[in-house]
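Have a look at the structure below before the remarks.
Read the figures in this text as sums done on the coordinates, not as results from a lab. On a predicted model such as this, the values are computed, not experimentally measured, just so you know. Methodologically, a virtual Cβ is constructed for each residue, glycine included, from the backbone with ideal geometry; neighbour enumeration extends over all protein chains shown.
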Amino acid sequence: MMNKANKILKSEVGISMLEVLVSILLLGIMSTGVSKSVVMALKTSTYTEYNHIATSLAVSKMEELASINVTSIGALHSVEDEVAWPSFNSTFERETVIVINPDESRTITVTVTSNNSYAPTSVQFTNRFAKWE
């Protein structure tokens, strides 16, 4: 009886090579899924950061123009190629278009586009400034 029990224990001792290979395969599949999720999260974070900066640059230009008397703003089409953001290692292109309307109001469109192909983003704001009397 003791001899039979020893045989059963000896046959189940240790891990077989097949079990090790299956475990490695399962870990590989799981780590691939996790790594893809991390890469996607990093790309989304970078895109969001670029989009936020582009939006801030467009809004700052609109605020700058809003502080000027509307009648002193002439028609304009200007492109700034290398607009920088403090402590950020990439630049943006900011295009400003001002159209004088028949009622003497101004339609202003500001478009900001990233100069980085890794995180391409573009935002556009349009506003109409009227003369206050």
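Annotations for the structure displayed:
- Calculated FRET efficiency for the pair Phe88/Met30, C-beta based, R₀ 25 Å, to 0.05: 0.10
- Relative contact order (percent, whole number), the chain, Cα cutoff 8 Å, 6+ residue spacing: 21
- Among (1) 1.27; (2) 2.20; (3) 1.38, the entry that matches Cα Rg over 2.2 N^0.38 Å as calculated here: (2)
- Distance (nanometres) between label positions extended 7 Å along Cα→Cβ at Ser37 and Asn127: 4.2
- Computed [θ] at 222 nm, deg cm²/dmol, the chain (DSSP H ≥ 4; -39,500 (n - 2.57); rounded to nearest 500): -16500 deg cm²/dmol
- Helix axis angle, 2-11 relative to the chain longest principal axis, alpha carbon, degrees: 30
- Between Ser78 and Thr46, the simple label model (points 7 Å from Cα in the Cβ direction) yields a spacing of 3.2 nm.
- Close amide H pairs (under 5 Å, H built 1.01 Å from N) link Thr91 with Asn115, residues at least 5 positions away or on another chain.
- Helix 17-66 and the long axis of the chain differ in direction by around 10°, with both axes built from C-alpha atoms.
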